[in-house]
1. Using only C-alpha atoms and all pairs of different ones, pull out the Kirkwood radius for chain B in Å with one decimal.
2. In the range B:34-71, what residues drop by 30 Å² or more in accessible surface going from the chain by itself to the full protein assembly, probe 1.4 Å?
3. Might you report the magnitude of the Cβ-based charge dipole of chain A about its Cα centre, with Lys and Arg at +1 and Asp and Glu at -1, to the nearest 20 debye?
4. For A:Glu105, B:Glu16, give the ranking by accessible area with the largest first, probe 1.4 Å.
5. Hey, in the GNM for chain B with a 10 angstrom Cα cutoff, which one of B:Leu51, B:Leu76, B:Leu21 fluctuates hardest?
6. Treating only the Cβ of Lys, Arg, Asp and Glu as charged (+1, +1, -1, -1), what charge dipole size does the protein assembly as shown show about its Cα centre? Round to the nearest 20 debye.
7. Cut-off 10 angstrom, C-alpha nodes, Gaussian network model of chain B. Which of B:Pro79, B:Pro18, B:Pro40 fluctuates the most?
8. Post the alpha-carbon centroid distance, the range B:17-93 to the range A:41-101, in whole angstrom.
Amino acid sequence: DGGITQSPKYLFRKEGQNVTLSCEQNLNHDAMYWYRQDPGQGLRLIYYSQIVNDFQKGDIAEGYSVSREKKESFPLTVTSAQKNPTAFYLCASTRDYTGELFFGEGSRLTVL
Amino acid sequence: AQSVTQLDSQVPVFEEAPVELRCNYSSSVSVYLFWYVQYPNQGLQLLLKYLSGSTLVKGINGFEAEFNKSQTSFHLRKPSVHISDTAEYFCAASNRDDKIIFGKGTRLHILP
C-alpha cells in the first residue's frame, strides 16, 4: 500500500542535541511538507519542498533544517537552536495543485 | 492572504445527536476546502473536500459539509454522532498560488 512513513514515532532528546526525523513516501508525490503541532495551535508549517533539491521556509523554520536529495525522502533535523522543540511533528505530501494533503502518523519529540 | 477560522475549540455533544463544526475562510481567489480528522497520537486523515461543482460534499463516516460562498463558510455536519467520532477536526483551505492554511482545530467530545 502507498503511504507516508515517519520514524521514529516517539523520540526523547537531551537539551543541546540535534535530532533527525525521517519521512519517506512511496506515493510518487512531488511536494512534501513538515508541520509542527502543539495543543490548541493547530498545524504550523516548518518547511516544504515542491521538487527535489529545492525547499522553502515555512512560518516557523528557525531552529530546523531539511534536505530533499530524493523524491521519496524529506528528513527534518531539529537543531539545538530550536528553543522549544517538544512537539508532535507531521510530514505530509500532495499530488496536485489542490492542496489535498496525505499525512504520516507523526513523530512525538520530547526534550528532557 | 488566506485565513481559516474554526469558531469552536471544543464541542460537546450527546451520542446519537446531530453536530455541526463551524469553519469560515477568507480568500480573494478561488479556494479549495478540506476537512481532516485526527485521532489521538495519529496523523490527519481526509474526511471530505470541496474543489468545485456541487456545494454539498459528502465524505467518509457519514460526514458532510456545505460550501457557502456568500458566507465564506464550510461547516461540517453529521446527523447522528457515535462515540468513535471523538477526535479533533481541522478545516483547511488552499488555492493554486498560496500555501495551505489550517484552522486551529475543534475537539469533538461525545457524551454518553
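1. Working: mean 1/r = 0.0711 Å⁻¹.
The answer is 14.1 Å.
2. When all protein chains are present, B:Phe34, B:Tyr36, B:Gln38, B:Asn41, B:Gln42, B:Gly43, B:Leu44, B:Lys49 each give up 30 Å² or more of accessible surface.
3. That gives chain A a dipole magnitude of about 400 debye.
4. B:Glu16, A:Glu105
5. B:Leu51
6. Roughly 360 debye, rounded to the nearest 20.
7. B:Pro40
8. Computed from Cα coordinates, the inter-centre distance equals 24 Å.
The values are calculated or read from the model by the stated rules, or taken from the named source; none is laboratory data. All of these numbers come straight from a predicted model, not from anything done at the bench. Note that we place each Cβ from the backbone using ideal geometry, even for glycine, and neighbour counts take in every protein chain shown. The protein model used for the area step is the full one, side chains on, heavy atoms only, and it has no ligands, DNA or RNA in it. Shrake-Rupley method; radii C 1.70, N 1.55, O 1.52, S 1.80 Å.
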